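Below is one structure, written out as structure tokens; comments come after it.
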Amino acid sequence: MSDDVPADRLGRPLRDLRISVTDRCNFRCVYCMPKEVFGRDYPFLPKAEILTFEEIVRVARVAVAHGVEKVRLTGGEPLLRRGIEDLVAALAQLRTAEGRPVDIALTTNGSALAVMARSLKDAGLSRVSVSLDSLDPDRFAAMNDVDFPLARVLRGIEAAQDAGLAPVKVNMVVKRGTNDADILPMARHFKGTGVIVRFIEFMDVGATNGWSMDEVLPSAEVVARIDAELPVEAAAASHRGETATRWRYRDGAGEIGVISSVTAAFCGTCTRARLSTDGKLFTCLFASEGHDLRALLRDPAKDDGDLAAALGGIWAARGDRYSELRSSLGRRRAGRIEMSYIGG
Ligand code: SAM
Ligand code: SF4
Ligand code: SF4
């Protein structure tokens with residue numbers, strides 16, 4: 001433990017690393033990569049600016065040696081990054097200072113999961129979260145805005161379960177007035193299947209999604225709506241820093257989670273750092289500036305000791321707690337990084 005990077009200014013240790021492996025996506029979810037902004041001419045990152053797998057693994061190795069226990073691959077759509085299984089396999093070799101394997105998870109839109117679930121599991125992936133905002137085929141197609149068929153995502157979820165990427169989690173971003181009618185169908189559909197549905201409050205990430213508080217359906221209301229038909233009771237958090245509050249069905253048929261990023265901020269236990277596709281380290285989802293690790297990685301005069309020192313310095317200076325301050329700050333729209341760039 002003594003090798004851990006120092007806790008940040010609010011006493012929070014560094015435990016989780018989220019790595020965005022691509023800024024590209026085959027969906028155009030209206031709240032994340034709206035077509036009007038992410039169109040044909042959008043300047044996605046050129047290849048030379050994207051971290052190679054070797055560079056990603058180097059950052060992860062140093063981070064794991066200094067306290068990180070969980071790595072989550074995200075994007076953009078991480079399954080679009082060619083050879084992603086090779087990256088998973090390399091990350092699966094990492095061990096914490098105590099010799100424990102690292103928990104490797106991935107967040108995906110599920111579009112390629114039916115084909116890739118087995119090879120990802122074989123490569124060493126532990127778990128997968130699939131984003132799915134509606135079980136209504138038309139509404140789903142409208143929300144991903146590329147007419148992607150719902151049935152293929154559902155097949156992907158089954159494939160993940162069959163491959164043993166358990167427990168599979170399904171993340172639904174709830175927008176009041178857009179898909180809140182899907183809350184109950186979603187709970188009904190996955191109840192008793194082993195899949196854990198997590199309902200996420202629509203967040204004011206980025207500057208392009210036209211967020212408004214009117215579209216946030218508080219998690220308390222989500223739980224109340226479910227409880228009225230499918231009774232639930234509070235369950236204990238499974239670990240410190242868990243983003244979701246757990247609720248279990250009273251009849252024993254599994255659990256759901258709610259992620260109250262807006263109405264009940266959880267900055268106090270936030271142990272996450274995020275590495276962007278081009279190698280910037282962000283200490284908060286709502287940061288506007290990242291710390292450039294790529295320059296360090298590509299400088300032949302710098303070694304892993306320098307990287308560890310940089311990581312330690314960045315983390316020690318961290319005082320972020322945006323969600324806790326949201327209402328008092330008012331909306332700071334300019335300069336905000338996009339979710340598709342940094343991942344969820
Ligand atoms: N493409 C992958 C996917 O959709 O799962 C990984 C990247 S995506 C940016 C990660 C997660 O962020 C998804 O679950 C998505 O629904 C969520 N997300 C994006 N914009 C959001 C917002 N404004 N509020 C809440 N969640 C958001
Ligand atoms: Fe793509 Fe995921 Fe963003 Fe949807 S939420 S546009 S699938 S990155
Ligand atoms: Fe962590 Fe920033 Fe989100 Fe707070 S607002 S939980 S510090 S990422």
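Details
- For the pair Ala142 and Arg155 in one chain, pulling the backbone fully straight at 0.36 nm per residue adds 2.8 nm over the alpha carbon distance.
- For Glu255, the shell of other residues with beta-carbons less than 12 Å away shows a net charge of +4, using +1 for Lys and Arg and -1 for Asp and Glu.
- Charge sum, other residues only, whose C-beta stays under 13 Å from Glu77's C-beta, Lys/Arg counted +1 and Asp/Glu -1: +3
- With the helix formula -39500 (n - 2.57) applied to DSSP H stretches of n ≥ 4, the chain reaches a computed 222 nm mean residue ellipticity of -8500 deg cm²/dmol.
- Net length available on complete extension from Arg40 to Ser288 is 86.8 nm, with 0.36 nm assigned per residue and the Cα-Cα distance removed.
- Amide proton proximity set for Val216, modelled H, under 5 Å, gap of 5+: Arg176
- Ile19 long-range amide H proximity, modeled H, under 5 Å: Arg72, Leu73, Thr74, Leu275
- Just the protein heavy atoms count here, and of the accessible area of segment 16-342 at 1.4 Å, carbon and sulfur take up 52 percent.
- Taking packing as the residue-averaged number of other Cβ atoms within 10 angstrom, the listed peptides 154-167, 107-120 run from highest to lowest as 107-120, 154-167.
- Taking every DSSP bridge with both residues inside the chain, close to 30 percent are antiparallel.
- Nonlocal amide H pairs with Val232, under 5 Å, H built at 1.01 Å: Arg250
- The distance separating the Cα centre of segment 1-31 from that of segment 129-173 comes to 24 Å.
- The residues of segment 16-342 expose, per residue, 41 Å² of accessible area to a 1.4 Å probe.
- In the chain, the convex hull through the Cα atoms has an average projected area of 16.7 nm², a quarter of its surface area.
- Among 63-69, 182-188, the order from most to least packed when residues are scored by Cβ within 10 Å on average: 63-69, 182-188
- Percent antiparallel among DSSP beta bridges (both partners in segment 1-114, rounded to 5): 10 percent
- The distance between label points at Glu242 and Glu324 comes to 2.1 nm (points 7 Å beyond Cα on the Cα→Cβ vector).
- Lysine pairs with alpha-carbon atoms under 20 Å apart, the chain, spacing 8 or more or separate chains: 8
- Per-residue ³J(HN,Hα) for segment 179-196, Karplus 6.51 cos²θ - 1.76 cosθ + 1.60, θ = phi - 60°, Hz, x for Gly and Pro: 9, 5, 5, 8, 4, 5, x, 5, 4, 4, 4, 9, 4, x, 9, x, 7, 9
The values are calculated or read from the model by the stated rules, or taken from the named source; none is laboratory data. This is a predicted model, so every value here is computed, not measured. Virtual Cβ from ideal backbone geometry, glycine too; neighbours counted across all protein chains shown. For accessibility, only protein heavy atoms count, side chains too; no ligands or nucleic acids. Shrake-Rupley method; radii C 1.70, N 1.55, O 1.52, S 1.80 Å.
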